[in-house]
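A short write-up of the structure that comes next.
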Amino acid sequence: MSYIGKNIRKIRMSKKLTQTEFAELFDLKRTAVGSYEEGRAEPKIDTLIKISDYFKLSLDSLLRKELSINEIFRFREDLLQ
């Protein structure tokens, strides 16, 4: 199972970006973002690197697990206690 599409959608929604706005950030077409989110296509590795760098997420977490809101916003658990 691929987490890429779910994570892209979660990042986009968390950051209150439309598919068009997200696409413009990474020089993509809006339809490509929709395809990623629906699992019909997956982004190229260079696009994944740009996304992980831009949002300061590890490429590993973007690819291998469902991201939490805390990870997307980079909250630290020790600050929440």
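If the condition is being acidic (D, E) and more than 22 Å from E71 (Cα to Cα), then region 11-37 contributes E24, D27. Scanning region 19-53 for residues that are within 20 Å of F73 (Cβ to Cβ) and assigned to a helix (DSSP H, G or I) yields E21, F22, L25, E37, L48, K50, I51, S52, D53.
Screening L79 on (1) over 11 Å from the mean Cα position of the chain (by Cα); (2) in a helix (DSSP H, G or I); (3) modelled with pLDDT of 95 or more shows it passes everything except condition (3). Any residue in region 1-22 that's of a type in the set (G, A, S): show its pairings with residues that are surrounded by 15 or more Cβ atoms within 10 Å (Cβ to Cβ) and outside any helix (DSSP H, G or I) at Cβ separation under 8 Å, as long as the two are six or more apart or on different chains. From residues that are of a type in the set (G, A, S), the pairs are S2/E42; G5/E42. The lone criterion from (1) at pLDDT 95 or above; (2) over 16 Å from E71 (Cβ atoms); (3) surrounded by fewer than 16 Cβ atoms within 10 Å (Cβ to Cβ) left unmet by M1 is number (1).
One residue alone among K56, K16 is in a loop (DSSP other than H, G, I, E, B), at pLDDT below 95 and of a type in the set (K, R), and that residue is K56. Against the list (1) of a type in the set (D, E); (2) touching a Ser or Thr at 6+ places or on another chain (Cβ under 9 Å); (3) at negative phi, the condition D46 fails is (2).
The values are calculated or read from the model by the stated rules, or taken from the named source; none is laboratory data. Predicted model, so just to flag it, every value in this text is computed and none were measured. Heads up, the Cβs are rebuilt from the backbone with ideal geometry, glycines too, and the neighbour counts pull from every protein chain shown.
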